[in-house]
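Below is one structure, written out as structure tokens, with a few remarks after it.
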């Protein structure tokens, strides 16, 4: 049975405790992993997170799965908070749901993605 992307996104987000841009620094200070899944061209155009691990979307599961021969080391454990970030917070929700299916039960995403984080930092600088 076919499902729309909106329904798929809603289903994915139903199991996520999404991190707001204002809470990202605290989560990272507490030991969370921030994984930026944007392609290189998009990171160049938009900017970069200072403390992110770069794993583009097409290799994410292989590079994080502890059972994969392509896993990064060191990498997050199944119990670590893993925050996935994309540009606007859509692809990251689907990616986080995929990581949850692999066993990363605390996987989630950054609500609004890089754009929300960038806008929050710009607001703080202008205040």
Can you show me the helix-derived [θ] at 222 nm for the chain, built from DSSP H runs with n ≥ 4 at -39,500 (n - 2.57) apiece and divided by the number of residues, rounded to the nearest 500. -11500 deg cm²/dmol
Could I have the simple spin-label model distance between residue 7 and residue 25, label points 7 Å from Cα toward Cβ, reported in nm to one decimal? 4.2
Considering only DSSP beta bridges where both residues belong to the chain, give the percentage that are antiparallel (nearest 5). 0
Please report the spacing between the Cα centers of the range 22-70 and the range 91-122 in Å, no decimals. 9
Note: residue 18 to residue 58 extended length (0.36 nm per residue) minus current alpha-carbon separation gives 12.2 nm
Across the Cα atoms of the range 38-96, what radius of gyration and what greatest pairwise Cα-Cα distance (Dmax) are found, in Å? 11.8, 34
What is the gain in length, in nm to one decimal, between residue 80 and residue 124 on full extension, counting 0.36 nm per residue of separation less the C-alpha to C-alpha distance? 12.9 nm
Mind jotting down a quarter of the surface of the convex hull over the alpha carbons of the chain, in square nanometres, one decimal? 8.7
Once R0 is set to 25 Å, what does the formula 1/(1 + (r/R0)^6) return for the Cβ-Cβ distance between residue 115 and residue 41, expressed as a FRET efficiency to the nearest 0.05? 0.95
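Taken together, the values in this text are just the output of simple stated rules run on the coordinates, not laboratory data. Fair warning: this is a prediction, and the values are worked out from it, not measured in the lab. Note that we place each Cβ from the backbone using ideal geometry, even for glycine, and neighbour counts take in every protein chain shown.
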